[in-house]
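These notes concern the structure reproduced below.
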Amino acid sequence: MRAIEPHVDAGAYALGVLGQADACRFERHLSECSACVVRVREFGEVVEHLAAYVRLLPPGGAHRAFPWRR
Ligand SMILES: [Zn+2]
C-alpha cells in the first residue's frame, strides 16, 4: 500500500498492516507531523479496545455474539 497523502497511513500504521517500506516512510513522516502522532495514538487506543473486546467474545467469536452477522 502506498498512499500519496502520508497522513492517511496513520490508521494502517497503528494497525500494523503497512509493509516495511511504507512503515519506514510513514515513520519519517511521523517524526515531522504532530497531527499524525495524535492520530496514531488515538488509533492505537481503538486497536487496544477492539483487542480487549475480541478477548471477551464467547467461543465461536463474533458470529455467536452477533448471529445476524453471518
Ligand atoms: Zn501527518
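What number goes with the only condition from (1) more than 11 Å from the chain's Cα centre (by Cα); (2) surrounded by 13 or more Cβ atoms within 10 Å (Cβ to Cβ) that ALA14 does not pass? Condition not satisfied by ALA14: (1).
Restricting attention to region 20-40 and to residues that are more than 11 Å from the ligand (Cβ to nearest atom) and of a type in the set (Gly, Ala, Ser), the residue that is nearest to PRO6 (Cα to Cα) turns out to be ALA23. Would you confirm whether any residue within region 1-17 is more than 12 Å from the ligand (Cβ to nearest atom) and of a type in the set (Lys, Arg)? Among the residues of region 1-17, at least one is more than 12 Å from the ligand (Cβ to nearest atom) and of a type in the set (Lys, Arg), which makes the answer yes.
Values quoted throughout were computed directly from the atomic coordinates according to the rules given, and no laboratory measurement underlies them. If you're wondering where the values come from, they're calculated on a predicted model, not measured in any experiment. Cβ coordinates were reconstructed from backbone atoms using ideal geometry, including for glycine residues, and neighbour counts include every protein chain displayed.
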